[in-house]
1. If only one of ALA289, ALA333 is touching a residue at least 40 places away in the same chain (Cβ under 8 Å), crowded, with 22+ Cβ neighbours inside 10 Å, in a helix (DSSP H, G or I) and of a type in the set (A, V, I, L, M, F, W, C), which one is it?
2. In the range 230-281, what residues are polar (S, T, N, Q) and closer than 20 Å to PRO156 by Cα?
3. Of the residues that make up the range 268-281, is at least one buried (at least 19 other Cβ atoms within 10 Å of the Cβ), over 19 Å from ALA210 (Cα atoms), of a type outside the set (A, V, I, L, M, F, W, C) and at pLDDT 85 or above?
4. Would it be correct to say that PRO200 is at pLDDT below 75 and in a loop (DSSP other than H, G, I, E, B)?
5. Between a first residue in the range 8-27 that is of a type outside the set (Val, Ile, Thr) and buried (at least 24 other Cβ atoms within 10 Å of the Cβ) and a second residue that is modelled with pLDDT under 75 and not in a helix (DSSP H, G or I), which pairs have beta carbons less than 7 Å apart while being 6 or more apart in sequence or on different chains?
6. Just wondering, is there one or more residues in the range 162-175 that are buried (at least 18 other Cβ atoms within 10 Å of the Cβ), under 18 Å from LEU12 (Cα atoms), at pLDDT below 80 and under 23 Å from the mean Cα position of the chain (by Cα)?
7. If the Cβ limit is 7 Å and pairs must be 6+ apart or interchain, which residue in the range 359-380 that is on the phi > 0 side of the Ramachandran plot and among the acidic types (Asp, Glu) pairs with which residue that is outside any loop (DSSP other than H, G, I, E, B) and surrounded by 15 or more Cβ atoms within 10 Å (Cβ to Cβ)?
8. Here are GLN56, GLN43: which of them is at pLDDT below 85, of a type outside the set (A, V, I, L, M, F, W, C) and closer than 28 Å to GLU203 by Cβ?
Amino acid sequence: MPQIQPKKILPLLMINMFIVMLGVGLVTPILPALITDFGASGQTIGFLVAAYGITQFVLSPITGKLSDQYGRKLLIVAGVAVFALAKIIFAIGSELWMLYGSRLLEGVAAALLVPPMMATEERAKGNGLLGAAMSLGFVIGPGLGGLLAGYGLRVPLYAAAGAAVLAVIISAIGLPEPLTKDDMIAARAKGAPELSILRPYAESLKSDYAALYMIVFVMTFGLANFESVFGLYVTNRFQFTPQAISVILTAGAVIGVGMQALLVARVIKTFGEQRVIQASLLFTSFAFAVLLLVRSFWTIFLVTSCIFFAMSLLRPALNTRISKMAGNEQGAAAGMNNAYVSLGNILGPSLAGLLFDVNVVWPFLAGCFILLVTFLMTLRLK
């Protein structure tokens, strides 16, 4: 399978993912207030956050192989189109079931957005720059979302839908296909993707990177406890406004952009993926515990920024490690990577919502413990 030239495809892919994450970030600050309008509990918002992981979990093993067989571009364009539809439904949703439907569609979109393959020497740099573009969307998104919320709670939702439609146009017109027809024909000759839900997971546990998949799952499970209820936590315990939440998330994303654009490739090259993964997990687990001890806006701001700092290193390091081991099965490996992320995103928010209704600090204690367990798992990696 030929390697794509990052200089040709990476800028357009970065623009594409920037717009998608802008759409995600636009909605983030208003979610607690929007869910409150529906009279939903912490358990309900946990299930709502987890809903998209269900469809991503089911489809990711299939779409990963489909991207090898029919091309990255086709699935990326389809994924962004489904994402746009999901945001439109969320924007016009007047019933809770419509919000659930929108989140399920977002899971379909997440499964379809399989990243393209890069040359081995460019993986860390490419993953870092792509992560920076996504973080930049999240930098601008929450701040802009908080500003737009001043004109109406649902205005950021319509803006997110518009941004997604723009991403569809950019993808369809400008995004090149990194695979040749011969590559796709060769991949199709291996047979259609397995439609069984459980078999791809069983096979993945026998692969050379099964341990990494487990780390991806447990890591995502722990982080989802934080991400799904953070807005509710600071709103209920400290009465933070959507604008205050926007400031915290925006600052964290700024840190992520700087790290991923300037330092990720250098740090991974200097210390190696395994050391970066271990340090990031241990640091984040500690930060979760500290978050429960601080009370002022600025201390919460500082601790949350530290969590974003560690995460900006952790995700590219994991992706680079898996990509190096995947050989000519990049699409399949990326699909299973997404699948284990989705499994963590299903179970993590669901547990977080249940724990939040018992005690607002329990999701963070659970996240701290789970990330610590993940760190211990990495000690067995070669």
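The values are calculated or read from the model by the stated rules, or taken from the named source; none is laboratory data. Everything numeric here is computed off the predicted structure, so don't read it as measured data. Don't worry about glycine lacking a Cβ; one is built from the backbone with ideal geometry, like all the others, and counts go over all protein chains shown.
1. Checking each option against the conditions leaves just ALA333.
2. If the condition is that a residue be polar (S, T, N, Q) and closer than 20 Å to PRO156 by Cα, then THR235, THR241, GLN243, SER246, THR250 are the ones that fit.
3. yes
4. Judged against the criteria, PRO200 is not a match.
5. From the range 8-27, the pairs are LEU13/PRO116.
6. Yes, the range 162-175 contains at least one residue that is buried (at least 18 other Cβ atoms within 10 Å of the Cβ), under 18 Å from LEU12 (Cα atoms), at pLDDT below 80 and under 23 Å from the mean Cα position of the chain (by Cα).
7. Note: no pairs meet the criteria.
8. GLN56
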